[in-house]
Amino acid sequence: MSAKAAKNKAGAAALIEELAEHYPAGEGEESPRPYTLGGEALRPTAALAALDRLSERLARRLRDTIEPFARMKPSIDASPVKFCRFESWRSEQPEFTALSLYRMKPLKGGMLMSIEPALISALVDTFYGGRGIHGERIIREFTASEEQLLTRLSEATIQTLTEVWAEVMTVKPQLSARETNTAYASLIAGDEPVAVARFRVRLGQGESRMIDIVYPVASIRAVEAELAANLHDEVSSSAAEWRARLGTALGEVRLQARSVLARPELSVSELMKLAPGDV
C-alpha cells in the first residue's frame, strides 16, 4: 500500500470514528416499512375519469343555472380535471378574484369555488339588459350589485354541484368564508395536492371566463371507492343505452332504392305504333 493510500484510509477511519461519537448506533435510524408495489389502493388518478364525468354533467346543468342571470343561454365547456399543488393553482389566480370556501360533509376537508370577477361584471350587465361585453376593466372591488349577484350565483352553483354529487353520494355544503385574495384562501397547505375542475363560460360573443372547483386530493381519496363504483355502473348502463341508440340510429339510415316493375321487349315497328294512353 502506498503512503498516499494509507493516509487516505487513516483519514476515512478518523472521520467515521468522529461521526460515531456524535451519532451513536441506532440513533436517528428508521425501521424499514413493508411496501408492495401496486398495493396502494388510494390514488388520485384512479378517480380522474369519474371526476371528469361529474364535471361534464355539472357543465350541462350550469347552463340552466346561469341562464336566468345572463338572460341568454351561455356556452359552458368543462376542461379535463387536473391535479396540481394548491400553491401552483393559487399562483395562477389574479390578485383580486371571487373565492367561496365550503365544507362538504361527509367529505374530509373543504372545497373551494373560484369565479372570475369579469364573469360577475358581465352577468350584472346582461341581467340589466346589456350584452355583457366590456373593455379591459381592472376590477379591484365589487359593486353592491356585483356582490349581490355573486352571492346568488355562488349559492345556485353550489346547489347544482350538490345535485350532481348526489349521483355518487349525498353531500351537505356549508359556506365557511368568502375571500377576494387567494392568500387568505386557507383551504389546505400550499404543498398539498388538489384536483381542479375548470369551466369556461361564454356569454354571447364575449370572451370566455373561468369558474374553478378545487377539491383537496385527500377528500377525493376518501370517496374514491364510491366514485369508481359510480363510474363502473354508468359504463355498463351507458353501454346498453348506446346499443339501443345505435340501433335506432341505424334504423333511420336512408338508402337509395329503385324499383323496376317490368322490362318489356318491343320491336321497333311495335314501338313506332305506340300512341298516348298505351301501356
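General remarks:
- Here segment 102-126 is scanned for amide nitrogen atoms under 17 Å from the site 7 Å beyond the Cα of Gln148 along Cα-to-Cβ, giving 120-126.
- In order along segment 250-257, the Karplus-derived 3J(HN,Hα) couplings, from 6.51 cos²θ - 1.76 cosθ + 1.60 at θ = phi - 60°, round to 5, x, 9, 5, 9, 10, 6, 10 Hz, and Gly and Pro are given as x.
- Rolling a 1.4 angstrom probe over segment 170-213 with all protein chains present gives an accessible area of which 43% lies on carbon and sulfur atoms.
- Sites Tyr184 and Ala249, calculated FRET efficiency, Cβ-Cβ separation with R0 30 Å, nearest 0.05: 0.05
- Met111 contributes about 0 Å² of solvent-accessible surface, heavy atoms of the protein only, 1.4 Å probe.
- With the simple model of a label 7 Å out from the Cα in the direction of the Cβ, Leu261 to Glu67 spans 5.1 nm.
The values are calculated or read from the model by the stated rules, or taken from the named source; none is laboratory data. Predicted model, so just to flag it, every value in this text is computed and none were measured. Neighbour counts run over all protein chains shown; Cβ positions are idealised from the backbone, glycine included. These accessible areas exclude ligands, DNA and RNA; they are computed on the full protein's heavy atoms, side chains included. Shrake-Rupley method; radii C 1.70, N 1.55, O 1.52, S 1.80 Å.
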